[in-house]
Every structure is written in structure tokens, then in C-alpha cells.
Amino acid sequence: EFYRQVWDPDATVESVAAGRAEAAAANPATPGEPPPTWLVLRDGRAIGHVTTIPLRLWLDGRERPAHWIKGLWVLPEFQRSAAGFLLLQEAVRALASTPQLALAHNPAALRLPEALGFTDLGALPNDLRVLRAKALLTRLDFDGLGLQGIPGWLRAGIRVAHHAASVLGPAADRSLDSWAALASGWQ
């Protein structure tokens with residue numbers, strides 16, 4: 001009922017279960033397990049939800065499993081209750097052994113994660129760019145990221161770029177530097 005009301009009016013128990021099974025198969029943090037998800041129930045009815053996007057990240061000199069806490073949603077009639085705080089509090093507690101990330105898009109949404117110890121690192125700029133293309137190309141691994149639906153021709157191109165990173169990387173760096181200079185009006 002919650003999924004139908006919030007995200008997909010055509011959701012069924014079977015479609016949600018199939019989606020969770022697909023997510024479990026693609027889970028790079030804990031392979032084979034569905035992403036950790038929590039609900040707040042009131043009188044047997046789900047009134048709030050939060051889940052994660054399992055991922056791997058580089059932290060303290062090594063690759064680690066992590067969880068991006070995402071999909072926090074509380075039904076409108078319960079949004080001024082403790083439901084959102086309880087959901088995030090339980091997620092943070094349950095995931096305490098792995099790094100956690102959260103992304104909030106407005107000041108009101110920042111209050112809950114900050115109350116639970118998250119640090120606001122500021123806004124992500126829209127003009128992010130690759131600084132060292134060779135480093136990116138040598139580490140780029142669609143399979144390791146668990147990305148689905150990547151066309152075969154693109155996967156083959158990435159494999160070629162991966163093996164030719166020592167040549168393509170510096171060329172890409174020069175191209176990106178030139179593009180950045182042109183785009184910014186810098187001479």
C-alpha cells in the first residue's frame with residue numbers, strides 16, 4: 001500500500017519483491033542481500049520508509065562497502081511526527097559498521113541527518129569534472145559498480161580505454177583542460 005501511495009500506483013507485492021531481488025543480485029556492498037530498508041508502522045500500516053543504495057567507496061586507503069541512505073519518505077499526514085527521525089536513527093544504528101552517506105537537497109532535509117551525527121559538506125557544484133583521467137580509466141569497472149543496462153558496445157569501449165589508459169588518460173586530461181578553459185572564458 002505504501003509503495004502504491006507514494007511511488008507507483010501499479011505496485012504489487014510481486015513487483016516490489018522482484019525489484020528487491022534484482023537489487024540483491026546487483027548489490028556491490030553485500031552481494032546477494034537486498035538493500036537494507038526500514039519502515040515505520042502505525043496500527044499495521046506503513047507510514048514511513050527509508051532504504052539504501054549499497055555501494056563501494058575508497059576510504060582510508062582501501063575500498064569498502066558503504067550505504068547511501070536514500071528514499072526517506074513519510075506520508076504527508078505524519079510528516080510532523082517522529083517517524084522520519086525514528087527511521088534514520090534505526091538505519092544509522094543498523095549500519096554503524098559501514099560508512100554511510102546521505103544527500104539532502106534543502107535545509108529542512110538536513111536537520112535529521114545532522115541530528116544523527118552526519119556532517120554537512122555543502123552543496124555539490126554542477127561543474128564537477130575529472131581531474132586525472134588516467135586514474136579514472138584504470139579503475140573504471142562497470143561490473144564492480146553493479147551498474148545494469150550498460151550496452152555491450154560501451155562495455156567493450158570501456159575495456160579498451162582501461163587497457164589504453166596510459167595513452168588515453170593524458171590526452172583526455174588535455175582535452176578536458178582545454179574544454180574547461182573555453183567554457184569558463186579563461187585564456
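The values are calculated or read from the model by the stated rules, or taken from the named source; none is laboratory data. Computed from a prediction, not measured in an experiment: that's the story for all the values here. As a convention, Cβ positions derive from the backbone with ideal geometry for all residues, glycine included, and neighbour counts pool all protein chains shown. Heavy atoms of the whole protein, side chains included, go into the accessibility calculation; ligands, DNA and RNA do not. Shrake-Rupley method; radii C 1.70, N 1.55, O 1.52, S 1.80 Å.
In the full protein context, region 1-53 carries 61 Å² of accessible surface per residue, based on a 1.4 Å probe and ignoring ligands, DNA and RNA.
Modelled label positions at T37 and H105, each set 7 Å beyond Cα in the direction of Cβ, lie 2.1 nm from each other. Taking θ as phi - 60° and the Karplus parameters 6.51, -1.76 and 1.60, the scalar couplings of region 62-67 work out to 8, 7, 9, x, 8, 9 Hz in sequence order, x denoting glycine and proline.
If packing is taken as the mean number of other Cβ atoms within 10 Å per residue, what is the order of 155-165, 84-94, highest first?
Details: 155-165: 13.5, 84-94: 17.3.
Packing proxy ranking, top to bottom: 84-94, 155-165.
Only protein atoms count toward the accessible area here, which uses a 1.4 Å probe; on the chain, the carbon and sulfur part of that area reaches 59 percent. With 0.36 nm allotted per residue and the present C-alpha distance subtracted, the R132-L154 stretch has 5.8 nm of extension available. Accessible surface area normalised per residue over region 79-125 is 70 Å², counting heavy atoms of protein chains with a 1.4 Å rolling probe. Largest first, the three principal axis extents of the alpha carbons in the chain are 62, 37, 34 Å in whole numbers.
Helical content alone sets the calculated 222 nm signal of the chain at -13000 deg cm²/dmol, taking -39,500 (n - 2.57) per DSSP H segment of four or more residues and averaging over every residue. The label point for Q89 and the one for E63, both projected 7 Å from the Cα toward the Cβ, are 3.7 nm apart.
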